[in-house]
Each structure stands twice: as C-alpha cells, then as structure tokens.
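Quick notes on the structure that follows.
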Amino acid sequence: MDKIIVRGCGPLSGTIPISGAKNATLPALAATLLTDQSVHLSNIPHLLDVTTMLELLGQHGSAITVDERLGVEIDNHRINNFLAPYDLVCTMRASILVMGPLLARYGQADVSLPGGCAIGSRPVNLHIDGLRAMGAEISISEGYIHAHAKRLHGARIVMDPVTVTGTENLLMAATLAKGRTLLENAAKEPEVVDLANFLTKMGARIQGAGTSTIIVDGVDTLHGARHRIMPDRIETATFMVAAAVTYGDIVLTGTSAEFLAFPIQKLLEAGVEVEEDIGRESLRVRCAHQLRGVNLETSPYPGFPTDIQAQMLVLNSIAEGSSSVAETIFENRFMHVSELQRLGADIQVVGNVAHVRGMSKLRGAPVMATDLRASASLVLAGLAAEGETVISRIYHIDRGYERIEEKLLALGADIQRISG
Ligand code: EPU
C-alpha cells in the first residue's frame, strides 16, 4: 500500500491550479443516465472516486470517451443493466447517486446499501423515502435496495436532516417525474446548484436551486448538453490552509472565493491574508505573522464545511491560544485527532467538540489516514511539523485530491510517495 512521506520544510510558495470539484463531478456523471443523447463534461478531476463512478456507468452500459483535456463524453443509449453492485458501492458511497436517474429514466434500480463509514453511520433513508413519495416501490433485501416505478410522479418532500446527495438524487429523479416536485429543506451547497445548472442545460425545469426549496416541473425527456464542472472549493480551502500552516505565500488558479465565505472569514480571523483576483480566477493566500486559533462549528452550506474541519484543527494546533471546533454533521468525524496527537497536537475531544490548546510543536511520526479529509489534515500537519511524517493508508487521499504530492512539490514541499 502506498505511503506518503512529508518533511517540514518551511514556507510553501508558488502557483498551482485547482481541479474540478469531486462532489460536483459525481452527481453530474450520474445525471448523464437521464438522457440517451451524448453528454460532454469538462474540468473533470482525475480522482479515484471519479474512476469508480465511470466504472459504474460502464457496468450500466454507458459508452465513455475520455479526452486528454480533462473532458469526458458519455453516450447512454445502450443502458441495459440497472445494478450498482456491492463491490463498487462499498468503495464509494456516492454510487447511490445512480438510483434516482436509473429509476426515473428506466423504472428500475438495484443498488447495494452503502453500509457504515469511517465518519458516521450515514444512512440513506431520506433518498429512499423521497423516491417512495414519488411513487417508487422499494424493498430492501440481502443488502440491496430494489426500486421500481412505471413513472415517478411529483411530490412534496421534506428532508430532515438536510442532505446533499439526498437532495441531488431526488432532484435528478424529479426532472423526469410527471408533474411538480417540491424539495423542502433542500441542501444549498454550490455542488447542488452546479448539478441543477447542468440538468437545466439538458432541458430540465428547475427553480430555486441554492435555496431551501427547489421546485422541479418534470418533463418527458432530457437531451444532450455540455457542461464545465465548477472548481473544487474543498481542495481550494485545503491549499489555503497549507499556505497558512507553513507561513507561505501561494496563488491558486482556476478557482474563486465565491463559495468559501465562511472558511475565508475564519482564515482572516486566524491572521491569514487572502486576496482574490476575479479577472484571473485566482486567489493569493499568505501568512506572515503568528497564527491565532479560531473557534468554529461545522454546518450545512453556507456554514463552515465539515470537509474542512480536519484541516482547520491542524491550523489551530500550531496557532496561538485555545480554540474549539464543533462537528455537527457527522457523529464520528474526529478520527484524525488521535493521529494529530501522535504528532504532538494538544487536542481533547468532548462529545462533538474538539478543544485545542495551540502552539503545539508538531514533530513527525508515523500516522494512519482514516478518511479522505483526515488524510489531507495529516499531510498539512506533516508540512508544519519538524522532521519526518510517514502517512500510511494514503489511498484515501487519491479519492479526492488530484496529484496532491505533485502540486505540493511544485510549491516547494518536501514530499514523496512510496509504493509497497
Ligand atoms: N443523513 C440521514 N439520512 C439520509 C442522508 C443523510 O440521516 O438519508 C444524515 C447523515 O448521516 C449526516 C447528514 O445527514 O449526518 C448529512 O449527510 P449528507 O447526506 O449531506 O452527506 P452526503 O451527501 O453523504 C456529501 C459529500 C460529503 C460531505 C457531506 C456534507 C458528496 C459525494 N459527499 O455527503 O463529502 O461531507 O455531503 O457536506 O457530495 C468528502 O468529500 O470528503 C465528503 C465526505
């Protein structure tokens, strides 16, 4: 299994490009199942999760052509298999996103239940309840969700708690349902809006994406379209924290501050400088003074993203002062804390709050990655630590960060991947 070795090496500097968003790409790929015409998506990140989704589409019968410019052409006029098998779903929970489109377009979907996850129990009851409200007959047996419907119909659906992929699944299903669907307490994440924009280009009739009520008027068919995936706001924020914790000065291109108001506010409070050049689609992030710890609480968009919580714990660990970080989305998303403690971080978790006493001198040690964002936090901690940090189970990071060690190398980091 690959490992990453990082050695603390002072300030990062230079310019790197930000990739397309993983969490916008996965639903967009699933949405291609809603039409039998050819669809082109660009700015697709080269990630393990994207490969898994393409493999799943391939099993359904999609013809996929990947071009050298991060584009993918998908032709779904020969879909003949409605099964999302356990071996793919267990490696990527977002596989559940094919359920809505398959059911809406072909009247059938058999999707493995995703099971537990390192960051929480993560049930999919709201996906199932929503599709049932739209007229689907759904049974669960032998670990699979079996869903059938002649044609879905519009419904009023309230999701509690707010769910990102749940909103996306039901949004996609509603585009081909008969009549009007109201999705209440819908997720407002920018990736939901990116999906709605893509679906609209395919001929869907959607209002209110980005607000808590999405209204969808179903149509009979959707057609082919071209769509460019939005930049990855979580990768952007991760590199912003990398600049901060190494007291560096870096420029991120192909991205913007638009969807990062909360994280940027917290970085400013911590003493980080952030400058946006909207014309050049770039952000300059630098930190020249001692960082200050910041209190934060994760919450659905537009609040502070849970996907940036682990990275901010690293920042708080080396910053001045005490701080607290509350996780309100997932019940078990502090697995990285015990690994950060191995590097010398002074963090105590009480309930869903991590209390940090800052100014820890981090020192390199062997650590283990437990999930995608935890892996990113360990790389950041390694960059800020003295000595060598060896991170095992690094495959988690390849699910969501494109060529992370190459990008960090380009910024002057001392980082290397070893196989075996
Ligand atoms: N929930 C339910 N029932 C459901 C669905 C969700 O109780 O049917 C609960 C979850 O257990 C959780 C909360 O609702 O406590 C929110 O979960 P949500 O469904 O919003 O999460 P998700 O859609 O499975 C997406 C991202 C995650 C990100 C979360 C929260 C994708 C592919 N994944 O997951 O991204 O953390 O939203 O913003 O979009 C990552 O990229 O590292 C990642 C984990």
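The values are calculated or read from the model by the stated rules, or taken from the named source; none is laboratory data. This one's a predicted model, so the numbers in the text were calculated from it and none came from an experiment. For neighbour counting, all protein chains shown are included, and Cβ atoms are generated from backbone atoms with ideal geometry for every residue, glycine included.
Every residue in region 119-138 that is more than 9 Å from the ligand (Cβ to nearest atom) and surrounded by fewer than 16 Cβ atoms within 10 Å (Cβ to Cβ), please.
Taking region 119-138 as the starting set, the residues that turn out to be more than 9 Å from the ligand (Cβ to nearest atom) are 131-138.
Across region 119-138, the qualifying residues are Arg132, Glu137.
Pull up region 277-300, narrow it to residues that are part of a loop (DSSP other than H, G, I, E, B) and closer than 16 Å to Ser256 by Cα, then point me to the one that is nearest to the ligand (Cβ to nearest atom).
As a first pass, look at region 277-300 and keep what is part of a loop (DSSP other than H, G, I, E, B): 278-281, 287-291, 293-295, 299-300.
Of the ones still in play, those that are also closer than 16 Å to Ser256 by Cα are 278-281.
Working: Ile278: 26, Gly279: 29, Arg280: 27, Glu281: 22 Å.
My answer is Glu281.
Return the residues of region 227-249 that are in contact with a Lys or Arg (Cβ under 7 Å, 6 or more places away or on another chain) and within 16 Å of the ligand (Cβ to nearest atom); say none if nothing qualifies.
Hit for region 227-249 is Asp232, nothing else.
Sort out which residues of region 1-25 are of a type in the set (A, V, I, L, M, F, W, C), modelled with pLDDT of 95 or more and assigned to a loop (DSSP other than H, G, I, E, B), and write them in order of number.
So in region 1-25, the residues of a type in the set (A, V, I, L, M, F, W, C) come out as 1, 4-6, 9, 12, 16, 18, 21, 24.
Within this subset, residues satisfying the condition of being modelled with pLDDT of 95 or more are 4-6, 12, 16, 18, 21, 24.
Selection gives Leu12, Ile18, Ala21.
Within region 34-47, is there a residue that is more than 19 Å from the chain's Cα centre (by Cα) and of a type in the set (Gly, Ala, Ser)? Step through it out loud before you land on a result.
First pass over region 34-47, keeping only residues more than 19 Å from the chain's Cα centre (by Cα): 34-40.
Then drop every residue that is not of a type in the set (Gly, Ala, Ser), which leaves 38.
Yes; the residues of region 34-47 include at least one that is more than 19 Å from the chain's Cα centre (by Cα) and of a type in the set (Gly, Ala, Ser).
Could you tell me whether any residue of region 110-129 is farther than 27 Å from Asp307 by Cα and not charged (D, E, K, R)?
If we filter region 110-129 for residues that are farther than 27 Å from Asp307 by Cα, which is where we start, we get 110.
With the extra rule that they be not charged (D, E, K, R), the set shrinks to none.
No, the conditions are met nowhere in region 110-129.
Which residues, taken from region 76-113, are within 12 Å of the ligand (Cβ to nearest atom) and either among the aromatic types (Phe, Trp, Tyr) or surrounded by fewer than 22 Cβ atoms within 10 Å (Cβ to Cβ) (or both)? Even if it seems obvious, please write down each step before you answer.
Here is the first cut: in region 76-113, the residues within 12 Å of the ligand (Cβ to nearest atom) are 92-97, 99, 113.
Listed by number, the residues that qualify are Met92, Arg93, Leu113.
Taking region 175-198 as the region of interest, how many residues are under 21 Å from Arg156 (Cβ atoms), buried (at least 20 other Cβ atoms within 10 Å of the Cβ) and either of a type in the set (Phe, Trp, Tyr) or more than 16 Å from the ligand (Cβ to nearest atom) (or both)?
Within region 175-198, residues that are under 21 Å from Arg156 (Cβ atoms), buried (at least 20 other Cβ atoms within 10 Å of the Cβ) and either of a type in the set (Phe, Trp, Tyr) or more than 16 Å from the ligand (Cβ to nearest atom) (or both) number 4.
Name the residue, out of Tyr106, Tyr86, that is touching a strand residue (DSSP E or B) at 6+ places or on another chain (Cβ under 6 Å) and among the hydroxyl-bearing types (Ser, Thr, Tyr).
Working: Tyr106 fails: touching a strand residue (DSSP E or B) at 6+ places or on another chain (Cβ under 6 Å).
Tyr86 is the lone residue from the list that is touching a strand residue (DSSP E or B) at 6+ places or on another chain (Cβ under 6 Å) and among the hydroxyl-bearing types (Ser, Thr, Tyr).
If Leu41 satisfies every condition in (1) closer than 17 Å to Met99 by Cβ; (2) surrounded by 17 or more Cβ atoms within 10 Å (Cβ to Cβ) but one, which is the exception?
Status for Leu41: all satisfied but (1).
Which pairs turn up if I take residues in region 384-401 that are closer than 16 Å to Arg7 by Cβ and of a type in the set (A, V, I, L, M) and look for partners that are within 15 Å of the ligand (Cβ to nearest atom) and assigned to a loop (DSSP other than H, G, I, E, B) with beta carbon separation below 7 Å, at least 6 apart in sequence or on another chain?
From residues that are closer than 16 Å to Arg7 by Cβ and of a type in the set (A, V, I, L, M), the pairs are Ile391/Ala369; Ile394/Ala369.
So is Thr298 under 23 Å from the mean Cα position of the chain (by Cα), at pLDDT 95 or above and farther than 23 Å from Ser360 by Cβ or not?
Working: under 23 Å from the mean Cα position of the chain (by Cα): yes; at pLDDT 95 or above: yes; farther than 23 Å from Ser360 by Cβ: no.
So Thr298 fails the test.
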